Every structure is written in C-alpha cells, then in structure tokens.
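*Asks:* Quick one: structure below, then a few questions.
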Amino acid sequence: MLRRRLNRLFGGDEKRVDSRTIYVGNRPCPATETFIPPKFCDNRIVSSKYTIWNFLPKNLFEQFRRIANFYFLIIFLVQVIVDTPTSPVTSGLPLFFVITVTAIKQGYEDWLRHKADSEVNKYPVRVLEDGQPARKDSEKIKVGDIVEVVEDETFPCDLILLQSSRDDDTCFVTTASLDGESNHKTHYTVPDMEKDLQSLSATIECEQPQPDLYKFVGRMHIYKPEHDPAVRSLGPENLLLKGATLKNTKKIYGVAVYTGMETKMALNYQGKSQKRSAVEKSINAFLLVYLCILISKAVVCTTLKYVWQSQDGQDEPWYNQKTEKEKGTILYVKMFTDFLSFMVLFNFIIPVSMYVTVEMQKFLGSFFITWDRDFFDPEIEEGALVNTSDLNEELGQVEYVFTDKTGTLTQNNMEFIECCIDGFQYTAFSSELDSFCVTDGPVSTFQEKAGREKEELFLRALCLCHTVQVKEAGPDELGGDQVDGPASEPLRPAEQRGFIASSPDEVALVKGAMRYGFTFLGLESKTMKIKNWQNDVEEYELLHVLNFDPVRRRMSVIVRSKSGDTLLFCKGADSSIFPRVRPEEVERIRMHVQRSATEGYRTLCVAYKRLSVDEYAAADAGLREARLALQDREEKLMAVYNQVETAMSLIGATAVEDRLQEEAAQTMEALQGAGMKVWVLTGDKMETAKSTCYACRLFRRSTELLELTVRTLESGGRRREEMLHDLLFDFHRKAVQDAPPARAGVNRSWSSANPEYGFIVDGAALALVMNPSPDTNCSRYRSLFLQICQNCTAVLCCRMAPLQKAQIVKMVKNSKGSPITLSIGDGANDVSMILEAHVGIGVKGKEGRQAVRNSDYAIPKLKHLRKLLLAHGHLYYIRIAHLVQYFFYKNLCFILPQFLYQFFCGCSQQPLYDAAYLTMYNICFTSMPILAYSLLEQQIAIEVLLDNATLYRDIAKNAMLRWGPFLYWTVLAVFQGLIFFFGVKYLFSNPALQDNGQVFGNWSYGTIVFTVLVFTVTLKLALDTRHWTWINHFVIWGSLAFYVVFSFFWGGIIWPFLKQQRLYFVFFNMLSSVSAWLVIILLIVLSLLPDILLGVLRKPRGPHTQQIAVVTPLSYKHLREHY
Amino acid sequence: MMASSYNIKEEDGHHSGSSGPGGNAVRTKKPDNTAFKQQRLPAWQPIITAGTVLPAFFIIGLIFIPIGIGLYVTSNNIKEFEIDYTGIDISSPCFNCSQSYSWNTTTSCTCSIPFSLDQPFESNVFMYYGLSNFYQNHRRYVKSRDDSQLNGNLDSLKAPSKECEPYRINENMPIAPCGAIANSMFNDTLDLFYIDPNGTRTPIPLMKTGIAWWTDKHVKFRNPGGSSSNLTAVFYGTTKPLSWPKPVYELDTDPENNGFVNEDLIVWMRTAALPTFRKLYRIIQKKNSLTPTLPRGNYTLDIVYNYPVRSFDGRKRMILSTISWMGGKNPFLGIAYISVGSVCFFLGVVLLFIHHKYGNRNNSSDIPN
C-alpha cells in the first residue's frame, strides 16, 4: 500500500499520463534527446502483511479492531485502572490467550507468505547485459530489462515477447496459475523484430498497469540509424504475464514492461471480501441483547447501591470504614467507577471464549468436509476443498441455489452428435464412435446427401474455423502434458494427435470433422494443413483470426487457399449468425437448429464468404489499423469484425452434446425437496438450457412454463416495453395472486397438487426488467419479477452475461427476508455470481480453476452438493446454533447468581465465585464438552438426512437461532440461575451445615452454587447430546472430574502467590457436609427437570420426529453392521 | 477462517488445499477411511421419550420423597433456642447497655437475660451468636484482611497488605491482625448459667475450642515465629486493632488458643455469606448419657455488652442448638426434597396418562414410509 502510494508521489508525472514509455534494454534512444530513466517499482512481490518490526503493533491493532476483542480489552483496562471486584487476571488471561493464539496463527501464515515471496524474489533469472545473459535475482529486474526465459520456467514479470527460439516467432504458455486454463496459448513476437537484441534501440509505449488479464495495448517504436522509426502495435498476444509458464519453446527473450506489484498477476490478487454468515449476524444480535442486559444490570446495581447507602449507617458502618482515597473521590466519579465495576463483575455474560470456540469449531469442523471420502472423485484424484471455514453453517440455510449449466449441471464433455449441411441432416456415428474409416466411412453414413462440394466446404470450415492447436507429442513434452479436457483422453490409434483448445466445443468440432474424413494437421507458421478425403494435404494460409467473444458470440477466420481464393469462415450461435447470412438460407437450417436445441444439444451455425481481392484488402487494412490503435482498440476491432462478417452464406449447423453430470437430476430433486429453489443461470441459449432443465427434472411435464424472453416479447408485434408490462402482470396474476394463500415455498408439501410454474427469462428481457427505460416504473417491474420468480419452482435464466448472473443473485439476496443464496459454477464466467452469493461453490470442472479459487467451497462434482448441503450443512447448522445458544445460556446462568448476590451484599460488587472459578469456568470447566458436541453431534444420522431431504426444511430460515429459541434458552438460564442462587440461599439461612456445628462462609456459598452450576450446565449438554461417541463421554465426564480434581487441588494448598487464601479447604469442607451434597443433587435435578419434561412433550408434536425416532435406531444398527 | 492467500507455491497447477489437511497426504489425496474422519464413530444415541423418562420420574419421586421426609423429621428433631439480646426494647435488660454505645469505650457494660428451656437438649449443644444486618460480605470488608500475616509471615506482620486500609497502620505501627474484619471482631462475652429450682446459679462449662475448621486452625492461621515462642515478643512493634480492648496475644490464656490461632478470631475471619448470619461461639459438651446436656428449666444469659450494632440497625442473638448429621435446624431441605419428589411423581403420573392415552395413537398413525 505504502509502496504504491510512494510511487504515486514520486512518479507523479508518469502516473498522470495514461501510458508509460519504456526504453528497451534501458538504453537511450535517438529520438529522445535526454534520457531520464523513468522510475518504476522494482520487481519485488510483497504479499506478506507484516515485517518483523511492525508485526506486533500492526497485528494487535488489527485484532483489536474486532469489536469483541476491543470490548474485552476495555474490560481489562477498566480492571487494571479502577479498583474492581475481580482481578485483571480473570479477563486478562483469556484475552491474552485468544490474542496470542490468533497472533501466532497469523504470524505463521505471514511467515509462509514471506517464504513464498522470497522464493519468488530470489528466483534466479537471466537478464541480458551487454548481449550476455547475466544471472540476477528476480527482484532486481527493472522495467526495460531484457529477460531470458527457458522452457518450463515461469515469467518473472510481465514481458513483451521480442524473440522466440521457435521458427514461427511464437511461443506457447500456460496460464494455469492465473486463470486456471491449462491449455497452451500461443503468443507472438513483435512482428519483424531484428535478431540482434543487443543493437536494438526501441521504446515501448503502453498503458498503465491494469488488472485485466486479457487486455493490453501498446506500441513499439523501433529506431534504426538510417531509417525512420518503425511502429509496431502490441496486444495481449505479445504480452507474457508473470506467473504464466513457458511451454513447448526452448527459449525466449522479452522486455519487462510491468514489474513487481504492477504486474497483472499482482494487480489481480485482491483479497476476497469477507463473507459473514447468518449465524454470525444472529450472534451479534444476541450480543446486543446481552449487552443491554449487562448494562441494565450494572445500572440497577449502581442505583440500588446508592439507595442502600443513603440509609442510615449503611454507607460506612463503624466496622467497615472507607479509606482516605475513597472518602476523597467525588460522588459522581465514584458512581461511575461503581458502574464500571459492576460491568466488570458481570462482563462474563459476554464470553470471550465463545469467539474462540466458534472459530475453533468452524476451523476444525471444516476438516470433516475435506476428509469426506464421498467427496472424493477418483477421476481428478481430489476431494472437496474448503477455502473458508466461516460459512459451514450457512450450508444448512440455503434457500436459493443458482447453478451454472455448462460444466455444472452438464459435464462439459462435448461430443459431436450430428450436423446439418444445407438442410440435410447427418446423424450417423452416434453409436459407432470408435469404428470409423477415414476414407469411406462417412460417405456410407450420409444417407440423404447435400452436394459434395457443400459437404466438403462444411467440413473444411470445421477444420479451419477454430483456434485449436495440435498437441505435439515430442519427447520434450513429457513433463508438460497435463492438459485438460478431451485432449487428454486416451489416444486412439487412429488419432495419434491430441487437440488443445480453450473451449471443448472446438475440439469436439474438429474431432467431428475428423470422423467425417477431414483431419486438421496443425498450424505451422501461419499455414493450416488439413487432410481431406483423398488423403491429400490441403494448405491454407491463415490471414486473420477474428476472435470469439461472448458479445458477438461468433468467431471467424480468414484464410487463403492454395488456389488463391480468400475465404472467410464463421461459426457462432444461431442468433448471431442468422442475421448475417442471406435470409432465404436460414429457414432450412433453423428447423434443425431448433430441434437439436430442444434435444439438449449445443448448436453452432457455420457460414462462409468468399472475399474478393478488394474486400480482403479493405478488411485487412481495417483490421491492421484497429489493432494498432492505442485507444478503444476493442471497439474499433469490433466494428471491423462486424463489417467483415456480413453477407455470408450459411453452410450448415452442428450439434454437440453436453452430457448431464452424474446424478444431476437426483441432486436437483433432492435440493427442491429440501425446500430450495433452484435457478439455472446460463449463457447458453434458451432451448438448450430448457432441455437441460427437463433432463434434470427441474421442469416436469406438469410444469407450466412462463416465458419472458425476447421471443415472447416480440411476438405480439408491439413495443417490447408494453409487452413486458403485460406479460409481467399476467404471470404475476397466475403465479402469485392465484396461488393458494398458504405460503408457497418452505411450507408447501412438495407433492401437492398445486400447479407448478417454471419461469424462463433471458438476458435481454432481464435487462429490460432491471434497467427499463426511464418512463416506466422500474421498481414495480423488479418487484413483480421477483415475486413471480419466488413463486415458481424453478427459474431458468438463459443468455446471461456473467455480470447479469451476479445481478440476479444480488437481487434475490437483497429481497425481502434476505434469503440465503448459494451459487455453484465451474467456470470463469461464474466467478461473479460465486462471489456475490452468500455461499459460493466451485465445481472442479474443466473450465479451469478460477471458480474454485474464488469459491468458498469446491467440490469435484455437482452430485456432491447434495451431501454437502443436506448432511454437512444441516449438521453444521445444528451444531453451531446449539453452540451459540448454549454459550449464552451457560454464561447467563453463570452470572445471574452473581447478580442476585449483589442484593444481599449491599451491592458492593462482591463476587460470588472465587477468581479462579470465574476465570476457569469458560476456559476449562465447560468449554470442551460443547466443543466436542459442536464437532461430533449428529442428531439425525447422515444417511437419514440424505434420504429425507425434507428434514432440511426444519432448520430453514435460521430456525434454531430465532428469537423464539433464544427466549427459551434465556428463560431456562434465568430459571436455573434463580434456582441455583435461592436454593443455596435458603440452605444458608442456617449456615451450620456440618455435623460438628461449624459454619460455612461466603466462599462456601459461592462454591456450592458454582458446583451446581458446572454440573447442571454440563448435564444439560449431555441431555441434548444425541450422539454419544467415546469422545463425548470422555470430554463430558472428564470435564466434571477435572472440575472436582481442580477444586481439591486449588483448595488444598496455600498458594504463595495469592493474596487471599479464600478457597482453602472450602471444597473439601463442602463435600464433608451431607446437606451440601443433598442440596447440590436436588438443585441439579430440579434445574434439569423442565428440559427433560419439554423433551418428552415436544417429541410427539413435530411431523418428522416420529419418523426420526423410528429411523435413527435403524441407522444406528446399520452403522453397527458396518463395523 | 482466512481467505486463501496469494501463495506462489499454489501456482504450479496442483492445488494444495490451503486450509485442508491436504498437506500430509501429498500423493494419495484420498481421505483416510477412519471412522472419525468419516464421522462414523460408533455412538450411543439415546432419545428422550416418554418410555425412558417415565421410570426416571417415578424413581426420582420414590427416592426424593423418603429423603425429604427423613430430612424434615431430622430437622424437626433438632432443638433450637434463640434469644435476641440487642436491647432495642426499653423493657429489655440490655437496653441500657445498648444505649451507651460506642466501640471504643473502656468500661464494659453487663446485662443478663433470663430464659427457660421447655425441653431438655440432649447430646452436645452448640452455642452461636447471630448478627443481623451486618454486612460481612461487603466487598470492602471481605478483602480487608491479610492472609499472609495471619499465616505467620513476619514480613507481612510488619508491613501488612494494602488491602487492610484503613485498618493497616495506627500511630506508625502496623496493626496485627490488620484489616476491617479483624478490627470488628465480635467481642461480647456470653455466659450461661443454669438456675436450679432452688435458685442457685450453676455456670455451664463452655468449650472454646473445636469451633473453627481444623485446617484453618492448624494450617491457614499460624502465629508468627512458630507456636513455641513468646507471643508478646513476636508481636512487639505491632499495635492492636483500633476497636480491640486487648492486643492479639492476650486473647486467651491458653497458648494453643492465643494470637492468630485463637478460634474466636478464626471463626470471625471466615466471612459470612449473608447479612444475617450466625457463628459458632461455644460448645457445651455432653456430660454423660444419663442427664441431658441442658435440662429443662430456667437459665440466665450473662452478657458483657461490648459490641455495638444499633448504629447500623443490627441485631444480636444468642442461639442454642443441637446438631444432627445434616447440620443445624433447617426445614428447607426436607420440604424441598418432598416437593420436588412429589412434583416428579405427579408428572410421572400425568405423563403416564398422556402416554397411555395419546402415545399409541401416534405410533400407529404416524409412520409414513
């Protein structure tokens, strides 16, 4: 941070302009008279937060920014400053413990980061100095240095590729560490670069560092002594990003343009925003209540104290006079310190240990997810991954599931299914995938054929129009072939080559063409080679690639054949191709496309265009010019693309199948059964997505579909806005107003006879709803839309841009009742919605790791979501909810007797319990059982949870942490606190409790209350425990035993460091009194009575409980058999 | 707990689970199939149902009610006699003494109160003094002591703890024992006389020892310089608490009961839990099994009235009580046990009724799958 700010200070001039100038090799150039080496930051990566010097203050500062820690710090300081009833140790020790543990943890993490940093910063690199490579530490690289990188090395900073050892002036890199795409990407050297880098005199002008990985604009001026300066355009294809790895290329030279913290990787590394779970919000609400209780208790006591003192002779009786200091203080100061003292006395009501326990529970609990063998996927050899443990319990609260389609619901394992050429359909080899003959196989399968030229043209188009690379299986490839996707499938003898592409569709298409007899042989120095039916090798010169982008939804290539024809092949979504071809061709293909789409296939249309020499020249010039532009390059390129891709003729269409994930339908059914609403958000087209929804049983035959898409909006022939208005109101009437008054959603039994609605909306319609023209009442549309969505069983949003996905999630998230949302996706386009939702789940799919990186949890397959939510989520929620309630409960009944005691000791802040008990209560005596409970409890067996998805509804809407249960626990705590205090008080109406007539004092009183308290609180947890493993037994009985042993020990010795031996033999004497025993037993039984009673009475009422009661013993038996 | 951090190590394609336990299993990433990790530990799964709770209720009821009755009977058999000798009333013999109140008067005031016992007190009788509205549990009071001094520490004897303020130093000499508790030690002298039917006063022997906890007397409280040495010399250089008439080494003539190990002092130093309390004063030992310790008849209580309580509206009592295995007389425990036992029993009956009437129907109708 500081570094960046300093940079801004020093490099002020440089920052203001929106480009930077780099002197290649840090040599002055002839054009600029004065060479001032510009200041850029060095190549040091600093990801660590602390240094040795600032660790303590900075870490402490950060820790005390947390409200809870700060509160305890204040309490501690009050105890140190003011003369308070309890020693500062009682709150200082736990606070110190918490702070130390956290600091150690954070320090260790930072140490790891330091280590990683220095590993990167000290990594040896070779920098060209006077033509010779010189070894340097990576951190010493300066902007402008020429760096040498050899194969399989990562780039030490962002480089402009100057020279490659490959003949075709390209190099291959993988960016797996940046965006997760592990395919090889081709980067190009700056065109027409001279070989001698030593004599190169050039400057690079490029934009200021920005985080977008895929954008870069720059310009290179090359100065030659006798020529005019030459200008080359630089784009992302020339830029090698730090963190990427060089592959398939022996050696490259590049000039550093961005270094250190200004590299795109460093700029992209931003901490994810912290997500807070609903439970945490509940905790905060409860804390507020308890804070109010605390303050009111302190106020009551302070008031009473002064009322009591105002009575005659009570303030300062002769036997108990004040010190000089006390007499000297002003009344109001005294009142204030008294108030603070009471706060300190009762501060245990807000337990510092709860935070520790909750953190520990979450941290340790998350291990059960990573340990779960059911999440292990043998294919990718990985299990689940937990990126944040803060949200475990949120998994049990999900109301809305937003799922991506491709790669999540479907496998993203593309298979070429059929194609349609000129209106004729070819669906031959769906079943005989492996046994086809290269030469004549396809011919026999073409039953009803289009013209041969059309077929050939179509297949050529498939072979040419892509960015697929052929994987070279050279010996040097051994280390680097962990490529993703279909390319890594076991190679069949017939196709020795694997293909690498950024999108699996392309591979499927190329493979599809191969099956028809047209094999793509590869791209060598701008020449594409394909083998045709005659086994002849055709060569095409690749002139331009008009890249795919999600806005255009198409891509094109311009090639020149041997015969000199210049051809443009274009493939893309039907909606983007149809307007650009001759209309009369469309109809014959459209039918096929739609039919394929309804069958759940992904369709692409293929078109071509023959470019005349003039046309090509114009296009070529336009493209070159646009690529050179420094500003608005994207827009300019887009304009040229759109201009070129017109008036094409349609050749055909392809259909590629994307198989459903395993158990996708069962998973969706289970989620719906659990009361969750599943929304499918996809970028895919409506028909395909709809068919996937049917396949996943999100839509059923009986489901009535409400469509709000461009098609329905335009069908009426009226303005879109009007139509939107009508449709929205129509749907609203259907789905919301006519729905039975019983609240749909959570309460509805899911097999009810009510008509089910499915809602389909597409990106364009959504944009209309979200951002309508200003004259319409937009908020009304939004709420209507939302209401419709909420009343439908399933919602399908197709044609979504990534940001729209996030927009939808955000809309639902912020709707009434703020439901908990979950997003699941596998691709980079899902990252925005994964980050937006309360819980983001990444599927470890084929589209790279970006989703996994940004997710909170990552699972290998969609089917794992079911167990993650229904079993893990449910259990975690129950556990943490119980933990929270229990903590508040046990501290309330801990402090209530202390509060009541104030009425009997003249409100003098006399603590009831000894300081050791005050300190140890939350740390030792009662912390372990609840921690064990919150890690191991399974009120309902996992198998039962998985089989009965409806059980998930029992805990929906934060059921265990609403005010009702909270009130119950509070009342219980108050009841028990009253019993503890007054039970012992009545016993002490005659303090002669031993059979030798000796009397007990105030510490015995406190010890009896405390003993009852510890036992009751622990046994209450034992009553709530439904799953007694040996650990629970050990911890519960162990805690009680520890309490007894500790009390003996604490009271058995005159402790030299204690000022007062208050508890000396108090516990022992207590146990020697029969009355004390009897009262302890009585009070424990009486305190637990209401809980037992409620446990019995509650059982028969719930609808599922009987079922659980029936099932659980069975499942237990089942477990037994397992062992 | 923490966002996965930017970590170069992570960048090489293999994701090494940042918060998972992936670290220990580098190659074989499949999680271990242990019962603990798979959350399949064998477990006992008790369920609270009417069936399990009903017997518990009955058993609790059946156990508690007899205990309660036993306790109640025991408590009722304990004989207790209480007399308030504060002297609030003009008719009270101690009225005069209570009026001339001051804690530092040198002249002592005596009064005697006659009373009669209707029933004989068998076995050992314990004599308590009781104070009301005396806040021995006031915080300023409770902490105003120096246990280290009382434990015989010579340094603390000369330099008492600051907690003893304002009863720490008097006339530049440390107070021994220091602190408000010691300073306000109960110093009325109570003597009991049996009035024979013929009018002669027979003093009843009162035992001064055995009234404090054994560990207090022998471990927690110790005279400085060991038990054998000369107490007067040991306490030289200290001064008596302000309201004491005599220094601490003149509390008793018996060297085993003098100084800090004086049992009256020890008893007083154990601060009471509530503002109304009693403390053991003397023990009247049983003479023999034939005659009761305190026979029926008339008695006088002679009081040397030193201890002023009227300034804070307090009361002083003398209590004579016998003791059972459960301690002194207290009907609370017996009543509580009987009530809780009855409630349990009653609930058991009610639950049995409910269970019998509704339980079967539930079971038959409510099994969907």
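The values are calculated or read from the model by the stated rules, or taken from the named source; none is laboratory data. Treat the numbers as computed from the prediction; the structure is a model and nothing was measured. No Cβ is skipped: glycine too gets one built from the backbone with ideal geometry, and neighbour counts run over all protein chains shown.
*Asks:* Conditions first: (1) within 30 Å of B:Ile47 (Cβ to Cβ); (2) within 8 Å of chain B (Cβ to nearest Cβ). A:Ile1036 passes all but one, so which condition is the exception?
*Replies:* Against the list (1) within 30 Å of B:Ile47 (Cβ to Cβ); (2) within 8 Å of chain B (Cβ to nearest Cβ), A:Ile1036 comes up short only on (2).
*Asks:* Just a yes or no: is a residue in the stretch A:1014-1028 surrounded by fewer than 17 Cβ atoms within 10 Å (Cβ to Cβ), within 40 Å of the chain's Cα centre (by Cα) and at pLDDT below 95?
*Replies:* Quick first cut of the stretch A:1014-1028, residues surrounded by fewer than 17 Cβ atoms within 10 Å (Cβ to Cβ) only: A:1023.
Now drop any that are not within 40 Å of the chain's Cα centre (by Cα), which leaves A:1023.
Imposing the further condition that a residue be at pLDDT below 95 reduces the set to A:1023.
Yes, some residue in the stretch A:1014-1028 is surrounded by fewer than 17 Cβ atoms within 10 Å (Cβ to Cβ), within 40 Å of the chain's Cα centre (by Cα) and at pLDDT below 95.
*Asks:* Output the number of the condition that B:Asn298 fails; it satisfies all remaining conditions of (1) at the interface with chain A (Cβ under 7 Å from one of its Cβ atoms); (2) farther than 27 Å from B:Tyr72 by Cβ.
*Replies:* Condition (1) is where B:Asn298 drops out.
*Asks:* Moving on to the next point. All but one of (1) in contact with a Cys (Cβ under 7 Å, 6 or more places away or on another chain); (2) closer than 30 Å to A:Ile1084 by Cα; (3) not in a helix (DSSP H, G or I) hold for B:Pro93; state the number of the condition that does not hold.
*Replies:* (2)
*Asks:* For B:Asn151, state whether it is under 25 Å from B:Thr189 (Cβ atoms) and surrounded by fewer than 21 Cβ atoms within 10 Å (Cβ to Cβ).
*Replies:* Numbers: under 25 Å from B:Thr189 (Cβ atoms): no; surrounded by fewer than 21 Cβ atoms within 10 Å (Cβ to Cβ): yes.
Answer is no for this residue.
*Asks:* Condition check: in contact (Cβ under 8 Å) with a residue 60 or more places away in the chain, buried (at least 21 other Cβ atoms within 10 Å of the Cβ), over 30 Å from B:Cys109 (Cβ atoms) and within 14 Å of another protein chain (Cβ to nearest Cβ). Does B:Phe221 satisfy that?
*Replies:* Values: in contact (Cβ under 8 Å) with a residue 60 or more places away in the chain: yes; buried (at least 21 other Cβ atoms within 10 Å of the Cβ): yes; over 30 Å from B:Cys109 (Cβ atoms): yes; within 14 Å of another protein chain (Cβ to nearest Cβ): yes.
Spelling it out, B:Phe221 is indeed in contact (Cβ under 8 Å) with a residue 60 or more places away in the chain, buried (at least 21 other Cβ atoms within 10 Å of the Cβ), over 30 Å from B:Cys109 (Cβ atoms) and within 14 Å of another protein chain (Cβ to nearest Cβ).
*Asks:* Scan the stretch A:135-155 residue by residue and report those that are in contact with a Leu (Cβ under 8 Å, 6 or more places away or on another chain) and not in a loop (DSSP other than H, G, I, E, B).
*Replies:* Of all residues in the stretch A:135-155, those in contact with a Leu (Cβ under 8 Å, 6 or more places away or on another chain) come to A:145-155.
Those that are in contact with a Leu (Cβ under 8 Å, 6 or more places away or on another chain) and not in a loop (DSSP other than H, G, I, E, B): A:Ile146, A:Val147, A:Glu148, A:Val149, A:Val150, A:Thr154.
*Asks:* For the condition of a type in the set (Val, Ile, Thr), in a helix (DSSP H, G or I) and free of Cβ contacts under 8 Å to residues at least 60 places away in the same chain, what is the one hit in B:Thr74, B:Thr52? So that I can check it myself, show each step before the final result.
*Replies:* Working: B:Thr74 fails: free of Cβ contacts under 8 Å to residues at least 60 places away in the same chain.
Testing whether each residue is of a type in the set (Val, Ile, Thr), in a helix (DSSP H, G or I) and free of Cβ contacts under 8 Å to residues at least 60 places away in the same chain leaves just B:Thr52.
*Asks:* For the structure I just gave you, tell me whether B:Lys286 is of a type in the set (D, E, K, R), part of a loop (DSSP other than H, G, I, E, B), more than 18 Å from the chain's Cα centre (by Cα) and within 24 Å of B:Ile204 (Cβ to Cβ). Spell out the reasoning first.
*Replies:* Details: of a type in the set (D, E, K, R): yes; part of a loop (DSSP other than H, G, I, E, B): yes; more than 18 Å from the chain's Cα centre (by Cα): yes; within 24 Å of B:Ile204 (Cβ to Cβ): yes.
So B:Lys286 passes the test.
*Asks:* Could you grab me the full set of residues in the stretch A:1003-1031 that are under 23 Å from A:Ile940 (Cβ atoms), at the interface with another protein chain (Cβ under 9 Å from one of its Cβ atoms) and touching a Phe, Trp or Tyr at 6+ places or on another chain (Cβ under 7 Å)?
*Replies:* To start, the set of residues in the stretch A:1003-1031 that are under 23 Å from A:Ile940 (Cβ atoms) comprises A:1019-1031.
Checking the rest, the ones that are also at the interface with another protein chain (Cβ under 9 Å from one of its Cβ atoms) come to A:1023, A:1025-1031.
A:Thr1025, A:Trp1028, listed by residue number.
*Asks:* While we're here: Quick one: how many residues across the stretch B:312-326 are at the interface with chain A (Cβ under 7 Å from one of its Cβ atoms) and part of a loop (DSSP other than H, G, I, E, B)?
*Replies:* Number satisfying all stated conditions: 4.
*Asks:* Looking only at the stretch B:141-170, how many residues end up being charged (D, E, K, R), under 26 Å from A:Asp315 (Cα atoms) and touching a residue at least 24 places away in the same chain (Cβ under 8 Å)?
*Replies:* Initial filter on the stretch B:141-170 (charged (D, E, K, R)): B:143, B:145-147, B:155, B:158, B:162-163, B:165, B:168.
Keeping just the survivors that are under 26 Å from A:Asp315 (Cα atoms) gives B:143, B:145-147, B:162-163, B:165, B:168.
Next, from what is left, pick out any that are touching a residue at least 24 places away in the same chain (Cβ under 8 Å): B:145-147.
Of the residues in that region, 3 qualify.
*Asks:* If you check A:Gln672 against the conditions, is it over 30 Å from A:Leu457 (Cβ atoms), part of a helix (DSSP H, G or I) and not hydrophobic (A, V, I, L, M, F, W, C)? Full working, then the answer.
*Replies:* On the way: over 30 Å from A:Leu457 (Cβ atoms): yes; part of a helix (DSSP H, G or I): yes; not hydrophobic (A, V, I, L, M, F, W, C): yes.
When the stated conditions are applied, A:Gln672 passes them.
Matching residues to (1) farther than 30 Å from A:Ile350 by Cβ; (2) at pLDDT below 80; (3) outside any strand (DSSP E or B); (4) in contact with a strand residue (DSSP E or B) (Cβ under 9 Å, 6 or more places away or on another chain):
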position: A:Glu237; (1), (2), (3), (4): yes, no, yes, yes
position: A:Val257; (1), (2), (3), (4): yes, no, no, yes
position: A:Ser273; (1), (2), (3), (4): no, yes, yes, no
position: A:Leu291; (1), (2), (3), (4): no, no, yes, no
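*Asks:* Still on this model: Kindly indicate the residue of the stretch B:176-197 that is surrounded by fewer than 24 Cβ atoms within 10 Å (Cβ to Cβ) and part of a loop (DSSP other than H, G, I, E, B) and also farthest from the other protein chains (Cβ to nearest Cβ) among those meeting that condition.
*Replies:* The selected residue is B:Pro197.
*Asks:* Is it the case that B:Lys246 is of a type outside the set (Ser, Thr, Tyr), away from chain A (no Cβ under 13 Å), under 13 Å from B:Pro177 (Cα atoms) and surrounded by fewer than 18 Cβ atoms within 10 Å (Cβ to Cβ)? Break it down stepwise before answering.
*Replies:* Values: of a type outside the set (Ser, Thr, Tyr): yes; away from chain A (no Cβ under 13 Å): yes; under 13 Å from B:Pro177 (Cα atoms): yes; surrounded by fewer than 18 Cβ atoms within 10 Å (Cβ to Cβ): yes.
Yes; evaluated as a whole, the condition is true for this residue.
*Asks:* Can you say whether A:Asp730 is surrounded by fewer than 15 Cβ atoms within 10 Å (Cβ to Cβ), outside any strand (DSSP E or B) and of a type in the set (D, E, K, R), as far as the supplied structure shows?
*Replies:* Working: surrounded by fewer than 15 Cβ atoms within 10 Å (Cβ to Cβ): yes; outside any strand (DSSP E or B): yes; of a type in the set (D, E, K, R): yes.
Judged against the criteria, A:Asp730 is a match.
*Asks:* Restricted to the stretch A:32-62, and to residues that are exposed (fewer than 11 other Cβ atoms within 10 Å of the Cβ) and within 28 Å of A:Gln198 (Cα to Cα), which residue is modelled with the lowest pLDDT?
*Replies:* Selected residue: A:Glu33.
*Asks:* A further question follows. Which count do you get for residues in the stretch A:1035-1068 that are assigned to a helix (DSSP H, G or I) and farther than 15 Å from A:Cys924 by Cβ?
*Replies:* Kept after step one, since they are assigned to a helix (DSSP H, G or I), are these residues of the stretch A:1035-1068: A:1035-1052, A:1066-1068.
Those left that are additionally farther than 15 Å from A:Cys924 by Cβ: A:1051-1052, A:1066-1068.
Count: 5.
*Asks:* If a residue must be farther than 16 Å from B:Lys220 by Cβ and either part of a loop (DSSP other than H, G, I, E, B) or within 11 Å of chain A (Cβ to nearest Cβ) (or both), how many such residues does the stretch B:143-175 contain? Spell out the reasoning first.
*Replies:* Filtering the stretch B:143-175 for residues farther than 16 Å from B:Lys220 by Cβ gives B:143-144, B:154-155, B:158-160, B:162-175.
Keeping just the survivors that are either part of a loop (DSSP other than H, G, I, E, B) or within 11 Å of chain A (Cβ to nearest Cβ) (or both) gives B:143-144, B:159-160, B:162-168, B:171-172.
Matching residues across the stretch B:143-175 total 13.
*Asks:* Every residue in the stretch B:249-275 that is in contact with a Leu (Cβ under 9 Å, 6 or more places away or on another chain), assigned to a loop (DSSP other than H, G, I, E, B) and away from every other protein chain (no Cβ under 14 Å), please.
*Replies:* Listed by number, the residues that qualify are B:Leu251, B:Asn258, B:Asn262.
*Asks:* Mind listing whichever residues of the stretch A:643-677 are among the small types (Gly, Ala, Ser) and out of contact with any strand residue (DSSP E or B) (no Cβ under 7 Å at 6 or more places or on another chain)? Explain how you work it out, then say what you get.
*Replies:* Narrowing the stretch A:643-677 to residues among the small types (Gly, Ala, Ser): A:647, A:649, A:652-653, A:655, A:664-665, A:670, A:673-675.
Across the stretch A:643-677, the qualifying residues are A:Ala664, A:Ala665, A:Ala670, A:Gly673, A:Ala674, A:Gly675.
*Asks:* Within the stretch A:625-646, track down each residue that is aliphatic (A, V, I, L, M) and in a helix (DSSP H, G or I).
*Replies:* As a first pass, look at the stretch A:625-646 and keep what is aliphatic (A, V, I, L, M): A:626, A:628-630, A:637-640, A:644.
Correct list: A:Ala626, A:Leu628, A:Leu637, A:Met638, A:Ala639, A:Val640, A:Val644.
*Asks:* Could you go through the stretch B:86-109 and let me know if any residue there is in contact with a strand residue (DSSP E or B) (Cβ under 9 Å, 6 or more places away or on another chain), surrounded by 21 or more Cβ atoms within 10 Å (Cβ to Cβ), more than 25 Å from A:Gln314 (Cα to Cα) and in contact (Cβ under 8 Å) with a residue 60 or more places away in the chain.
*Replies:* Within the stretch B:86-109, not a single residue is in contact with a strand residue (DSSP E or B) (Cβ under 9 Å, 6 or more places away or on another chain), surrounded by 21 or more Cβ atoms within 10 Å (Cβ to Cβ), more than 25 Å from A:Gln314 (Cα to Cα) and in contact (Cβ under 8 Å) with a residue 60 or more places away in the chain.
*Asks:* Given the residues B:Lys329, B:Lys279, which is the only one that is within 29 Å of A:Ala1076 (Cα to Cα) and part of a strand (DSSP E or B)? Quick ask: steps written out before the conclusion?
*Replies:* Details: B:Lys329 fails: part of a strand (DSSP E or B).
Exactly one of B:Lys329, B:Lys279 is within 29 Å of A:Ala1076 (Cα to Cα) and part of a strand (DSSP E or B), namely B:Lys279.
*Asks:* Exactly one condition in (1) touching a residue at least 24 places away in the same chain (Cβ under 8 Å); (2) assigned to a helix (DSSP H, G or I); (3) within 23 Å of A:Tyr426 (Cβ to Cβ) is false for A:Arg595; which is it?
*Replies:* (1)
Condition check ((1) more than 10 Å from chain B (Cβ to nearest Cβ); (2) in a helix (DSSP H, G or I); (3) buried (at least 23 other Cβ atoms within 10 Å of the Cβ); (4) modelled with pLDDT of 85 or more) across all residues:
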| site | (1), (2), (3), (4) |
| --- | --- |
| A:Val356 | yes, yes, no, no |
| A:Leu395 | yes, yes, yes, yes |
| A:Val401 | yes, no, yes, yes |
| A:Thr408 | yes, yes, yes, no |
| A:Asn412 | yes, no, yes, no |
